[in-house]
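Enquirer: One structure, pasted below without further comment.
The values are calculated or read from the model by the stated rules, or taken from the named source; none is laboratory data. Remember, predicted model here, so these are calculated numbers, not experimental data. Cβ placement follows ideal geometry from the backbone for every residue including glycine, while neighbour counts extend to all protein chains displayed. SASA here: full protein model, heavy atoms, side chains in, ligands and nucleic acids out. Shrake-Rupley method; radii C 1.70, N 1.55, O 1.52, S 1.80 Å.
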Amino acid sequence: VFVLWQGVTYLYFYRRTRRWSTSASALIQDKWEETGRRFTVHKLPQLVICPVIDTPVLAGIIRHRLLLPHEKYDMNELECIFRHELVHDRRGDLWCKLILLLSNCVHWFKPVVYLLVWEMGKEIEIACDEEAIRGMDQESRAVYGSTIVNALPVKREMCTAFTTNFGSGKEIMKLRLKSLFDKREKHRGIAV
């Protein structure tokens, strides 16, 4: 039942976003390709605009797609979103989430596994932020932080196991913002 629920949820998400997706404008597509070249990504995920979501999402099992809810971002916000999602893509975070889902399917009756999956999702986002802001000055980090706050989802209905959301829930958002401006040296994801 757990596996069936996850499959149906993803299929619903996939069909709904596929139906409402349109191509991004040339300006946004150019920015996407430029950011991909700077990150030396050889095969960029497809970039589409999908108004049925309310936060940028990297989705897909085999062929990844970056879904933006609208095109009303300025270039600095797009840079932050693109950096973040390219880090997710390069690190293989969607595959990690698939492994977590499979673990959850096998151990669906153990509450501690649900907690582990939630904690790992939180750590994936924080680690992705750390890599995305590497080399940024304080002003750029502030833009990145405000972009995260602006991307806070209004509703959580579109979140599935095979996605990474740029805008997380409120608790994770607080931790991400705290981590953004923490200047202490990190060792294996923990401030020392």
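Enquirer: Identify all residues within the stretch 159-168 that are in contact with a Cys (Cβ under 9 Å, 6 or more places away or on another chain) and either modelled with pLDDT of 75 or more or surrounded by fewer than 20 Cβ atoms within 10 Å (Cβ to Cβ) (or both); write none if there are none.
Expert: THR164
Enquirer: Identify all residues within the stretch 48-57 that are of a type in the set (A, V, I, L, M), touching a Leu at 6+ places or on another chain (Cβ under 7 Å) and either outside any strand (DSSP E or B) or farther than 16 Å from ILE28 by Cα (or both); write none if there are none.
Expert: If the condition is that a residue be of a type in the set (A, V, I, L, M), touching a Leu at 6+ places or on another chain (Cβ under 7 Å) and either outside any strand (DSSP E or B) or farther than 16 Å from ILE28 by Cα (or both), then ILE53 is the only one that fits.
Enquirer: Does THR9 qualify as being touching a Lys or Arg at 6+ places or on another chain (Cβ under 7 Å), open to solvent by less than 70 Å² (accessible area, probe 1.4 Å) and either assigned to a helix (DSSP H, G or I) or aromatic (Phe, Trp, Tyr) (or both)? First the steps, then the outcome.
Expert: Numbers: touching a Lys or Arg at 6+ places or on another chain (Cβ under 7 Å): no; open to solvent by less than 70 Å² (accessible area, probe 1.4 Å): yes; either assigned to a helix (DSSP H, G or I) or aromatic (Phe, Trp, Tyr) (or both): yes.
It is false that THR9 is touching a Lys or Arg at 6+ places or on another chain (Cβ under 7 Å), open to solvent by less than 70 Å² (accessible area, probe 1.4 Å) and either assigned to a helix (DSSP H, G or I) or aromatic (Phe, Trp, Tyr) (or both).
Enquirer: Let me ask you something else. Which ranges mark the helices (runs of 4 or more DSSP H) fully within the stretch 93-158 that have 3 or more residues being at pLDDT 90 or above and open to solvent by 90 Å² or more (accessible area, probe 1.4 Å)?
Expert: It comes to 93-106, 111-133.
Enquirer: Just to be sure, is GLU79 within 22 Å of VAL117 (Cβ to Cβ) and under 18 Å from the mean Cα position of the chain (by Cα)?
Expert: No: the conditions fail for GLU79.
Enquirer: Let me ask something else about it. Answer yes or no: is there a residue in the stretch 69-92 that is open to solvent by less than 60 Å² (accessible area, probe 1.4 Å), more than 22 Å from SER146 (Cα to Cα), touching a Gly at 6+ places or on another chain (Cβ under 9 Å) and assigned to a helix (DSSP H, G or I).
Expert: no
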